[in-house]
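Data first, discussion second: the structure below is written as structure tokens.
The values are calculated or read from the model by the stated rules, or taken from the named source; none is laboratory data. Since we're looking at a predicted model, the values are computed, not measured. We place every Cβ from the backbone using ideal geometry, glycine too, and count neighbours over all the protein chains shown. Surface accessibility is based on the protein's heavy atoms, side chains included, excluding ligands, DNA and RNA. Shrake-Rupley method; radii C 1.70, N 1.55, O 1.52, S 1.80 Å.
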Amino acid sequence: METGELNIFFAEFDDQLNEIGKVIEKIEDRREGISKDVRLAESLAYQFHNLYCAIEDLFKVVARFFENHIVNTSGYHIELLNRMTLRIEGVRPALMSKETAKLVNEFRAFRHLFRHAYSYDIDVDKMQLLIAKLKKFKGKYQQDVLEFTKEIPASQDKEK
């Protein structure tokens, strides 16, 4: 693997991390007062939808660079999520722990509900639960990403 390819990967990876950070900031800025304002709850729901999409885009950056594609398109989202918890010997370290992936799966499930429930009113209690999960996710995800990026040069050295 050439240094240039790895530099492109890290540029795309860092760019997607920045996008995730922006969405998290929006959620954190809007989380207060949602029990009194349905429009704010709807805005938060949209941002949680965006959060999962941004996380999944990060997964795609990793999968495209290291292991190419997912064959089973019917279970694509969950298969991609599960793949990110795997250390693939000689290819790459795990992007995230299984514990972090469980939190991401909660965001995935909510995104699915949000996208397909056209006559569904946003449940403020559910939004509060997602906000609590975001707090847990944020620290775990940052630690996972740090560990992943520290191991990348080591995993690439094994190939040579």
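Here are some notes:
- Paramagnetic label reach from residue 22 (point 7 Å along Cα→Cβ; backbone nitrogen cut-off under 20 Å): within segment 130-155, residues 138, 142.
- Between helix 38-66 and the chain: long-axis angle, C-alpha atoms, 0 to 90°, nearest 10: 10
- The magnitude of the dipole of the chain, with charges of +1 and -1 set on the Cβ of Lys/Arg and Asp/Glu and taken from the Cα centre, is near 480 debye.
- Helix 3-30 and the longest principal axis of the C-alpha atoms of the chain enclose an angle of approximately 10°.
- When segment 18-106 is described by a simple charge dipole with +1 on each Lys and Arg Cβ and -1 on each Asp and Glu Cβ, the residue from 51, 27, 94 located farthest towards its positive end is 94.
- In the full protein context, the chain carries 57 Å² of accessible surface per residue, based on a 1.4 Å probe and ignoring ligands, DNA and RNA.
- Carbon + sulfur, % of accessible area of the chain - ligands and nucleic acids excluded, 1.4 Å: 50
- Of all the options 116, 77, 49, the one that moves most in a Gaussian network model of the chain with Cα springs shorter than 10 angstrom is 116.
- Note on residue 37 and residue 89: the model spin-label points, each 7 Å out from Cα along the C-beta direction, lie 5.4 nm apart.
- Selected from 143, 16, 47 as most flexible by GNM, with the chain as the system and alpha-carbon contacts under 10 Å: 143
- When 78, 20 are compared by accessible area of protein heavy atoms, the largest-first order is 78, 20, using a 1.4 Å probe.
- The C-alpha atoms of the chain define a longest principal axis, and helix 124-159 lies at about 10 degrees to it.
- Once you reduce segment 72-109 and segment 1-46 to the center of their Cα atoms, the two points are 18 Å from each other.
- In segment 1-145, the ratio of gyration radius to Kirkwood radius, Rg to Rh, stands at 1.00 when only Cα atoms are counted.
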